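Read through the structure below, which is laid out as structure tokens, and then see the notes.
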Amino acid sequence: MVCHIKIAIAGAGISGFAALGYLVEAFRTMPSVKITLYLLQPPREIQTENLTAPQRERLAYLKSIGIDPSQLFGGGQVYHPAAPSLFTFNGNSTARGFNFASQRYDNTDYFEWIQENRGLLAQLYPDFAPENNQQRHPDHTLDDIQGTTPRGAYGLYLHDRFLALKAHLPKHIALQIIPEALQAFSQQEQTVTLTTTARKLTADYFVQATGHRFAELRSEWTGRVFKAYPCDRYGQPLPKQITVVGAGPAGIETALHALHNLNVEQVTLISRHAQSRLPQVEPTESYVCQWFTREKMQFQPTAANAKVLLQKELKACYQACNLPYPGWDSLLQIEDYSIFLEKYLETTNQSPNHPFAHLVRPVMSFYGQVKDLLSVVEQIGVLQLINQVKPLFATQSRPCAELMLAALKTKRLRLIAGEFLPDQATPTVLLAEGTQIHPDCIILATGFVSPILSFCPQPSGTRC
């Protein structure tokens, strides 16, 4: 008897593509097992009236060469070619290779694809500079493997890798694209039932890879509150002054896009502590953590100990980098963020061996490494610690950081402490001093809230 396994994947962004690729790899050498993979992703409806002229020209050119922008897989909304070219993909921040067909996952694969497609990308992104009339940054280049490229270029790369994977599927693996959105799913015994906009289907396993769940937009907010992605859902005409909630990479890119492309005169950027994310640089010298390690946590698995270890590690790393250690309180209580950002950029220009560059990966991965050692209460404490220091370590691209600093200095960009209140009928931001403001236009770049966990039933035994 031939075993038949059906697996459904909702979402055709990076997570969905990765799940698809790894499943194909896992079953490639099992010809006795018949595999059906369902990939659920509705067509991408693009509102071209809200795009800049270069964005519209980019999409039109793709259609002229036979690429339908509504049918791209792998990059989702975040890495779609409709995104402004100022929305960048920082090569330093992640491994870029994602080639399941060739079984290559090194960070040179994307660079090689860029070189092979320079003609196409030159048409889509002339000179790989930001949009017309936008400040050009020298780090927007194709020639440096550690450089920064437009985010949409990475989306095209992922789509190309998806097509290669699809073309090289073994005979016992079938891939069915379902161009519909997931509405709901339920489990009964070992079967998952998925409801889309037009049908119901059943699967043995289900992977939900629909990305971040941004705060839901209330009907009362129509015309005043927008989501950061997709970026074609907001655009001209925006008021001269807007508020962007969230100062991570998405918030910074949205703010700069509004200032440079959408005739916005001033952006107020809201974050919890009036801080943004520092750009990551790739250190040229190795550094091994002495204190902030799983081994040290095993002796005392508490959040308080994690904080002590991190303080010791920062001090040791500053010393190893020949920099004066400003102290824990000084790092977290930044009075003027623009001055702090300027000093950081100057220091990392002189040497990429900055403590934040060395510690970004150990800090951001620490919770996952020690979670099993901790009680539920201590897990929460460690997460709070990581969130407290995240602005020092989580990344945006260096070009965006430098453009942000320029906007801060000209007072076109303000960075203030506050929090968006999602339960209010009137769009409301609560400021640090306790007062409330009600901006006329808000763009939410707040990351995910109330995440839906991926779901996969566990069989009690073999199902074949």
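The values are calculated or read from the model by the stated rules, or taken from the named source; none is laboratory data. In this text the structure is predicted, and so the values were computed from the model without any measurement. Every residue, glycine among them, receives a Cβ derived from its backbone with ideal geometry; neighbour counts consider all protein chains shown. The area values use the complete protein model at the heavy-atom level, side chains included, leaving out ligands, DNA and RNA. Shrake-Rupley method; radii C 1.70, N 1.55, O 1.52, S 1.80 Å.
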Note down the nm distance, to one decimal, between modelled labels 7 Å out along Cα→Cβ at Thr284 and at Ile67. 3.5
Whole-Hz ³J(HN,Hα) for each residue in segment 243-256, computed from phi via Karplus 6.51 cos²θ - 1.76 cosθ + 1.60 with θ = phi - 60°, x for glycine and proline: what do you get? 10, 10, 9, x, 10, x, x, 5, x, 5, 5, 5, 4, 5
Karplus (6.51, -1.76, 1.60) ³J(HN,Hα), θ = phi - 60°, over segment 6-14, in Hz, Gly and Pro reported as x: 10, 10, 10, 10, 9, x, 10, x, 4
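Stretch Lys411-Leu175 to full length: gain in nm at 0.36 nm per residue minus the Cα-Cα span? Mind dumping the intermediate values first?
Values: separation 236, 0.36 × 236 = 84.96 nm, distance 5.20 nm.
Once the chain is fully extended between Lys411 and Leu175, it gains 79.8 nm.
Show me the ranking of peptides 264-274, 243-253 by mean Cβ neighbours inside 10 Å, starting with the highest.
Answer by packing, highest mean first, reads 243-253, 264-274.
How much of the accessible area of the chain, probe 1.4 Å, is carbon plus sulfur, in whole percent?
Numbers: 10910 of 21890 Å².
After summing per-atom areas, the C and S share lands at 50 percent.
DSSP loop (so not H, G, I, E, B), at most 12 other Cβ within 10 Å: list which GluC sites (Glu not before Pro) in segment 158-229 pass both filters. Before the final figure, lay out the partial values.
Working: sites: Glu180, Glu189, Glu216, Glu220; in loops: Glu180, Glu189, Glu216.
Of the GluC sites (Glu not before Pro), the ones in loops of segment 158-229 whose Cβ has at most 12 other Cβ atoms within 10 Å are Glu189, Glu216.
Loop-only GluC sites (Glu not before Pro) in segment 276-338, please: DSSP not H, G, I, E or B, and at most 15 other Cβ atoms within 10 Å. Present the calculation step by step, with values, prior to reporting the outcome.
On the way: sites: Glu285, Glu295, Glu313, Glu335; in loops: Glu285, Glu335.
Loop-located and lightly packed - Glu285, Glu335.
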Points 7 angstrom from Cα along the Cβ direction at Asn107 and Leu163: gap in nanometres? 2.8
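Expected output is a single nm value to one decimal: the length gained when fully extending between Glu216 and Trp328, i.e. 0.36 nm times separation in residues minus the C-alpha distance. What is it?
Numbers: separation 112, 0.36 × 112 = 40.32 nm, distance 3.63 nm.
Extending this stretch completely gives an extra 36.7 nm.
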Once phi is turned into θ = phi - 60°, what whole-Hz ³J(HN,Hα) does the Karplus curve with 6.51, -1.76 and 1.60 give for every residue of segment 264-276, x standing for Gly and Pro? 7, 8, 8, 10, 9, 9, 9, 9, 4, 10, 6, 10, 10
In whole Å, what is the distance between the alpha-carbon centres of segment 2-32 and segment 174-238? 20
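Using just the helices of the chain, give the 222 nm mean residue ellipticity in deg cm²/dmol: DSSP H runs with n ≥ 4 each add -39,500 (n - 2.57), and the total is spread over all residues, rounded to 500.
Values: 14 runs with 160 residues, N = 464.
The per-residue figure over the chain is -10500 deg cm²/dmol.
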Going 7 Å from the Cα of Met364 toward and past its Cβ, which residues in segment 97-126 have a backbone nitrogen under 16 Å from where you end up? 97, 107
Accessible solvent surface per residue of the chain, calculated while the other protein chains remain in place, 1.4 angstrom probe, Å²: 47
Just how much of Phe111 is accessible, in Å², when a 1.4 Å probe is used and the result is rounded to the nearest 10? 50
Any idea how far apart Thr293 and Glu419 come out in nm if each label point goes 7 Å out from Cα toward Cβ? 3.7
Report which label in [x] -0.52, -1.26; [y] -0.53, -1.55; [z] -0.43, -1.45 holds the value of log10 I(q)/I(0) by the Debye sum over Cα atoms at q = 0.08, 0.14 Å⁻¹ derived from the coordinates of this structure. [y]
Over 21 Å between Cα atoms, which of Lys343/Lys411; Lys34/Lys166; Lys166/Lys200; Lys227/Lys411; Lys390/Lys411; Lys307/Lys343 qualify? Lys166/Lys200; Lys227/Lys411; Lys390/Lys411; Lys307/Lys343
Solvent-accessible ranking of Trp291, Trp328, largest area first, probe 1.4 Å: Trp291, Trp328
